[in-house]
Amino acid sequence: MHRAKRPYVICHMVPSVDGRIVTARWKLPASFYREYERTAQAFDADAWIIGRVSMEPYAGKTRVPKRKAKLAISRTDFIARRDAESYAIALDAAGKLTWKSNAIDDEHVITVLTEKVSDEYLAFLRSKGVSYLFGGKTEVNLKKTLEKLRSHFGIETMLLEGGGKINGSFLASDLIDEVSVLVAPVADGSIGTPTLFDMSSVRGPARPLTLMSVEERRGDIVWLRYKRKRSAR
C-alpha cells in the first residue's frame, strides 16, 4: 500500500564485478554505454534521479545573479511544469547546481533542496524555469520527497542512477523496489572508490532480494534484476 503514495524505484547501475561504479578508467567501448541506455529505456520510467555531483556535467555552469528584491521567498515548492513526458531529478540539498536550462534532452528538470538555500538561489531557479521541491529544513527526507514527486508530477516509476551515497541513502531508507545491474566485464580492485551502495556510518539493516532474471547481453555483459523481498503484512 505504501508504494501507491510514491514512485516505484528501480536502482539501475553499471558496477564492475567487484561492485565499483567509477567507470572512467575501465576503457569500455561506446557500445557498452549504449547497452546501458537500451536497458534503461526498457523500464519506460517517468523520471530518473541522481545526486548533485553526478548531475553537474548535465547542469552546466552559469552565474547566480544577486537579487535586488528584498522580500523573502517563501519555502514552498515551485512547479514550473507538470506535463512533461519525462523528468530529470537532482538531489541538491545545498543548492549548488547552476542550471543553464530547465531541461536535459527535453526532460524537465526538478531539483530537490532544503530550506537552508538562499533567496537568490530560489529566484535564480524560478528565472530558469526549473521546478524545485523542499525535502526538509536542513536535510532531505527521501520518503517525503518521493511522495511529493508522485503527487505533484504524477511520477509512477523512477530510475535511481547514483552515485553510491545516494543509492546507499535510498537503501538505508528502504525505498528501493528493484535493483537492476549491468555487470561490466571488469575487475576494478580500487580501494576507497565509490561502490554500488555506500552507506553512512548509521546503517540500516541489509535488504534481502529475490532474483527476477539473468540475461547475457552483448560485450560480455550480464544483466541482473532483483526485486526487494518484503514480508507479507
The lone exception for PRO65 - which of (1) part of a loop (DSSP other than H, G, I, E, B); (2) under 18 Å from TYR132 (Cβ atoms); (3) in contact with a Ser or Thr (Cβ under 7 Å, 6 or more places away or on another chain) it fails: (3)
SER54, sole failed condition from (1) among the small types (Gly, Ala, Ser); (2) part of a helix (DSSP H, G or I); (3) open to solvent by 90 Å² or more (accessible area, probe 1.4 Å): (3)
Positions within the range 135-183 being within 15 Å of the chain's Cα centre (by Cα), hydroxyl-bearing (Ser, Thr, Tyr) and farther than 14 Å from PHE197 by Cα, in sequence order: THR145, THR157
Breaking point among (1) within 17 Å of the chain's Cα centre (by Cα); (2) under 25 Å from VAL140 (Cα atoms); (3) open to solvent by 90 Å² or more (accessible area, probe 1.4 Å), for GLN41: (2)
Conditions (1) open to solvent by less than 70 Å² (accessible area, probe 1.4 Å); (2) free of Cβ contacts under 8 Å to residues at least 40 places away in the same chain: number failed by SER101: (2)
Tabulated pairs, the range 174-200, first farther than 13 Å from CYS11 by Cβ, second acidic (Asp, Glu), C-beta under 7 angstrom, 6+ apart or interchain: PRO185/ASP220; ALA187/ASP18; ASP188/ASP18; GLY189/ASP18
Matching entry among ALA69, ALA80, ALA84, ALA93 (being of a type in the set (A, V, I, L, M), open to solvent by less than 70 Å² (accessible area, probe 1.4 Å) and within 14 Å of the chain's Cα centre (by Cα)): ALA93
Any hit, the range 14-35, residues being under 22 Å from LEU113 (Cα atoms), in contact with a helix residue (DSSP H, G or I) (Cβ under 9 Å, 6 or more places away or on another chain) and crowded, with 17+ Cβ neighbours inside 10 Å: no
Filter result (without any contact (Cβ under 8 Å) to a residue 40 or more places away in the chain and not polar (S, T, N, Q)) within the range 137-162: LYS137, LEU142, LYS144
Some residue of the range 78-96 being more than 26 Å from THR157 (Cα to Cα), touching a helix residue (DSSP H, G or I) at 6+ places or on another chain (Cβ under 7 Å), at pLDDT 95 or above and part of a loop (DSSP other than H, G, I, E, B): yes
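The values are calculated or read from the model by the stated rules, or taken from the named source; none is laboratory data. Quick caveat, the model's predicted, so the values are computed rather than measured. Quick reminder, even Gly has a Cβ in these numbers, built from the backbone with ideal geometry, and neighbours come from all protein chains shown. For accessibility, only protein heavy atoms count, side chains too; no ligands or nucleic acids. Shrake-Rupley method; radii C 1.70, N 1.55, O 1.52, S 1.80 Å.
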